[in-house]
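These notes are about the structure you will find just below.
The values are calculated or read from the model by the stated rules, or taken from the named source; none is laboratory data. Since we're looking at a predicted model, the values are computed, not measured. In this analysis, Cβ positions are derived from the backbone assuming ideal geometry, glycine residues included, and neighbour counts consider all displayed protein chains.
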Amino acid sequence: MSIECLAPGVATLLQDAGRRGLRRHGIADGGALDPWSFALANLLAGNPAGAPTLEITLAGPRLRFHVAARIALCGGGIEAECDGTPLPTSRPVAVPAGGVLRLGRCRDGARAYLAVRGGLRVVPVLGSASTDLRAGFGGIAGRPLRSGDRLAIEGAANVDSVRFPDWWIDPSSDDRPRGGDRVVRVLAGSDATAPPGALFAHAWQVTPASNRQGLRLLGRAIAAAERGERVSEPVVPGTVQLPPDGQPIVLLADAQTHGGYPRIGHAIRADWPALAQLRPGDRLRFSPCAPDEARAALCRQRQRLHRIALALDAKRALA
Amino acid sequence: MNDATIEPLGEDALLLRLGRGIDPALNARVHALVRRIEAARPPWLREVVPAYASLAVFLDIDPCTDAGVEAFATAGAWLRRQLDAASPEDVDASMQVPATTVEIPVCYAPACAPDLDDIAAHAGLSRADVVALHCAGDYRVAMVGFAPGFPYLIGLDPRLAMPRLASPRTHVPAGSVAIGGAQAGIYPRASPGGWRLVGRTPLALFDPSWPSPCLLAAGQRVRFRPIDEAAFEALQADSAA
């Protein structure tokens, strides 16, 4: 009753909703970098919210299903096929026993989530199945998936061939019109820039040094209004730090707990899914945002997820 | 604490700042405030994360309900009152509470202490003097951060202060006892790092399978005790067993 890894992909990690309440120990939140695609994958697979999934980075693994399974793939526009049948994303898919799932490149983003009905069985560490790569614990011994790894799953009945329905859901996390550079909304931080609003004045490019800890950006260097030595203070996922080189870093789910750089803003939670999907070389812009607007965007996103859950319940009731 | 400030830290936390320096008295005020908040256990409290001169209070609320919005406002006002009520007498009393002291055995042999000679040269002291001064210090864990279980220690003898390496090492061994400017710390796990390495402890500082995953917590006292290489190896074997 398992999935066997035949080829691991670039960086495939077990992730769930992460850890909370351990930052005083220096322990990062972790968890799915794109919480939206993660939640959709679990919804489509029929899992409870927060079930462990595989988070695929840029290009995916090849997996043999030793038992039939019901799965869902969401995020990144990932290429997928199973036993010669191209698979769509954002739909429930049935995979027969012995099926080999080949995941290709993320064509429209950086991260995809593979959810398996019943969840991937992992022993939680500090309350979560999430892999903390930097600290080396959680998931599969704190490391990415390797060839030969076997992940325990619950088998599915009545699956003899690759199947998926002819409907799909709109997987967009964002109800704003798309086109041009990604726009990430930012709450005011502790530090101002000089001149004010310098963060918003031009576009930034994502550099290859980016990872789950933070997106490192490159653009016209900016400065904090107040210079000088600072003492480390708490930071959180979303915090926009400004190191001395004037190139901002947007902290993500694996953010360290404390940081000494000026904090010039906080990327709003509703835009974390978009941040997680940015690839090295992609461009983004920031726009200022008020707390009420951040809350409204988050609540709209949750309502969209809720509507999708209701629609899926209706589909299942009719099936 | 009229100069104290309170500001949002992202969408579900508030940052309370008492000052901007690395100063034992200021840090003691931070820990007193942490204890005050934790003792009151308000229903919306998720976690308090101390730092040198500030602390973050994480709220466990749902921002998409009226109750959640109300709780956020209530929490801000309540925390403001705690800041205002934390009188100097209060702080003095809390500072007299004897914090638990954790003794950390440290091997200062050259194999464990690649930067000890540089520190000695920088300070104009002998190796033995550096070890003696390092062990004489009465340290306080100002905060745990950077990595799981990494203690930032206040109390380093100012003569031992030395700037970080210009270029960080790609590999610092687990247990390395380090100096970064006026701060002292211990690397729980092998990692890159730019602090000067003066010794190494065989003790494990972090283990996710422990009921409390870190050996050290903010507010505790720490003392270093010198051990030789044989003791280091014996203790390391015990630690691994």
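Structure notes:
- Residue ID - farthest from the chain's Cα centre (by Cα), chosen from residues in region B:1-16 that are of a type outside the set (A, V, I, L, M) and surrounded by fewer than 19 Cβ atoms within 10 Å (Cβ to Cβ): B:ASN2
- Within the set A:THR89, A:THR57, the sole residue that is out of contact with any Lys or Arg (no Cβ under 9 Å at 6 or more places or on another chain) and among the β-branched types (Val, Ile, Thr) turns out to be A:THR89.
- Residue list for region B:99-156, restricted to those being touching a residue at least 60 places away in the same chain (Cβ under 8 Å) and among the acidic types (Asp, Glu): B:GLU103, B:ASP115, B:ASP118, B:ASP138
- The single residue among A:ALA80, A:ALA94 that is aliphatic (A, V, I, L, M), outside the structural domain of A:TRP272 (by TED's automatic domain parsing) and touching a residue at least 40 places away in the same chain (Cβ under 8 Å) turns out to be A:ALA94.
- Test result for B:LEU165, surrounded by 20 or more Cβ atoms within 10 Å (Cβ to Cβ) and among the hydrophobic types (A, V, I, L, M, F, W, C): no
- Selected residue [under 19 Å from A:HIS25 (Cα atoms) and among the hydrophobic types (A, V, I, L, M, F, W, C)] from B:ALA184, B:ALA132: B:ALA184
- A:GLN205 meets each of the listed conditions (1) part of a loop (DSSP other than H, G, I, E, B); (2) surrounded by fewer than 23 Cβ atoms within 10 Å (Cβ to Cβ) apart from (1).
- Condition check for B:ILE154: in contact with a Cys (Cβ under 6 Å, 6 or more places away or on another chain) and farther than 21 Å from A:ALA135 by Cα: no
- Positions within region A:108-148 being under 21 Å from A:LEU63 (Cα atoms), in a loop (DSSP other than H, G, I, E, B) and of a type in the set (D, E, K, R), in sequence order: A:ARG117, A:ARG146
- Residue check for A:VAL159: at pLDDT 95 or above, among the hydrophobic types (A, V, I, L, M, F, W, C) and either in a loop (DSSP other than H, G, I, E, B) or touching a strand residue (DSSP E or B) at 6+ places or on another chain (Cβ under 9 Å) (or both): no
- Each residue in region B:141-190 was checked for being farther than 24 Å from A:VAL235 by Cβ and basic (Lys, Arg), and 1 pass.
- Scanning region A:153-189 for residues that are touching a Cys at 6+ places or on another chain (Cβ under 7 Å) and within 14 Å of another protein chain (Cβ to nearest Cβ) returns A:ARG185, A:VAL186, A:LEU187.
- Against the test of being closer than 27 Å to A:THR131 by Cα and in a loop (DSSP other than H, G, I, E, B), the options A:PRO171, A:PRO244, A:PRO196, A:PRO177 yield a single qualifying residue, A:PRO171.
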